[in-house]
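S.K.: Below: one structure in structure tokens.
The values are calculated or read from the model by the stated rules, or taken from the named source; none is laboratory data. Note that this is a predicted model, so its numbers are computed, not measured. Backbone-built Cβ (ideal geometry, glycine too); neighbour counts: all protein chains shown. These area figures cover heavy atoms from the full protein model, side chains too; ligands, DNA and RNA do not enter into them. Shrake-Rupley method; radii C 1.70, N 1.55, O 1.52, S 1.80 Å.
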Amino acid sequence: QEAGADHQRPQERLDTRMMAERTLDYGLAIQVANSVFDEISEDGVTEFLPDVVNEYWVSLTTDQLIGMYRIHQLNAITYQIHALIMPEHRGHAKESGRVILEWCLDNIDFAKLVAEIPEKYPNVYHFTKSMGFSDEGTNRLSFLKDKTVWNTHRLGQTREEVETWLQH
């Protein structure tokens, strides 16, 4: 009996593990995008219309919705990734990053993942670096927010680098 009780504890932990799943639910994508829109949108952009058919919109859940990642193809081998973690769940960011990288390996035939991070958001830049992405350059004066023009960091990670990072 004691061994059976011990065996159940890991299962309970698995039930609360963050899960990633592609969604075609436009309403859900709008809900998540709207939760972060004012914070991340450029000046002058009044709405965002997700393309859930031609892009990957991957929902992240535990016992509730944590956020989504938007992943879209730039060319035959490169995909750009955007985190949309709902403000009340930012404490789950590191776990969400690990889960989405695992999901990408399992579901997308990519050679490279890239992210564009405006300098206005140093916390997002440092988070992305902590997920194994490397600096690959700067897109100068390319993002307008709060009436200020910001540079954008370009970060990238190859498929092999993702696999290595996930092993640590």
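S.K.: With every protein chain kept in the model, how would you rank 65, 49, 144 by accessible area, 1.4 Å probe, largest at the top?
M.R.: On the way: 65 35, 49 105, 144 65 Å².
The most accessible residue leads, giving 49, 144, 65.
S.K.: Which is farthest toward the positive dipole end of segment 16-142 among 83, 134, 123, measuring Cα position about the Cα centre, with Cβ charges +1 (Lys, Arg) and -1 (Asp, Glu)?
M.R.: 134
S.K.: Could I ask something else about it? Loop only per DSSP, at most 14 neighbouring Cβ atoms within 10 Å: give me the trypsin sites (Lys or Arg not before Pro) in segment 81-168, ordered by residue number.
M.R.: On the way: sites: 90, 94, 98, 112, 120, 129, 140, 145, 147, 154, 159; in loops: 120, 147.
Taking segment 81-168 and a limit of 14 other Cβ atoms within 10 Å, the loop trypsin sites (Lys or Arg not before Pro) found are 147.
S.K.: Compute, for residue 149, the solvent-accessible surface of its heavy atoms (probe 1.4 Å) with the complete set of protein chains present, and express it in square angstrom to the nearest 10.
M.R.: Here the accessible area works out near 80 Å².
S.K.: If the viscosity is 1.002 mPa s and the temperature 20 °C, what translational diffusion coefficient in µm²/s does Stokes-Einstein give for segment 124-168 when Rh comes from Kirkwood over Cα pairs? Provide the component values of the computation, followed by the final result.
M.R.: Values: Rh = 11.8 Å.
The calculation lands on 181 µm²/s.
S.K.: Here's another thing I want to ask about it. Give the accessible area for residue 142 in Å² (nearest 10); use a 1.4 Å probe, count only protein heavy atoms, and leave out ligands, DNA and RNA.
M.R.: About 50 Å², ignoring ligands and nucleic acids.
S.K.: Given the rule -39500 (n - 2.57) for each run of at least 4 DSSP H residues, summed and divided by the residues of the chain, what is its mean residue ellipticity at 222 nm, to the nearest 500 deg cm²/dmol? Provide the component values of the computation, followed by the final result.
M.R.: Values: 5 runs with 61 residues, N = 168.
About -11500 deg cm²/dmol.
S.K.: A further question follows. Please compute the net charge surrounding residue 131, taking Lys and Arg as +1 and Asp and Glu as -1 over other residues with Cβ under 9 Å from its Cβ.
M.R.: Working: positive: 94, 98, 129; negative: none.
Local net charge: +3.
S.K.: For the chain, give me the percentage of DSSP beta bridges that are antiparallel, rounded to the nearest 5 percent. Write out the running numbers ahead of the final one.
M.R.: On the way: 32 of 35 bridges.
Counting DSSP beta bridges with both partners in the chain, the antiparallel share is about 90 percent.
S.K.: Would you kindly compute the Cα radius of gyration of segment 71-168 and its largest Cα-Cα separation (Dmax), both in Å?
M.R.: Taking only Cα atoms of segment 71-168, I get Rg and Dmax of 13.6, 42 Å.
S.K.: Let me ask something else about it. Order 69, 56, 26 by their accessible area, 1.4 angstrom probe, all chains in place, largest first. Don't skip to the answer; put the middle values down first.
M.R.: Working: 69 10, 56 55, 26 100 Å².
The ranking, largest first, comes out as 26, 56, 69.
S.K.: Could you order 92, 72, 126 by accessible surface area, starting with the largest, using a probe radius of 1.4 Å? Walk me through the numbers on the way to the answer.
M.R.: On the way: 92 65, 72 30, 126 115 Å².
Ranked from most to least accessible, the order is 126, 92, 72.
S.K.: Over segment 84-123, with every protein chain in place, what whole percent of the accessible area is carbon and sulfur at 1.4 Å, could you tell me?
M.R.: Working: 870 of 1770 Å².
After summing per-atom areas, the C and S share lands at 49 percent.
S.K.: Rolling a 1.4 Å sphere over the protein heavy atoms, what is the accessible area per residue of segment 34-168, to the nearest Å²?
M.R.: On the way: 7120 Å² over 135 residues.
Here the residues of segment 34-168 average 53 Å² of exposed surface.
S.K.: Right, another one. In Å, what Rg and Dmax follow from the Cα atoms of the chain?
M.R.: 17.4, 65
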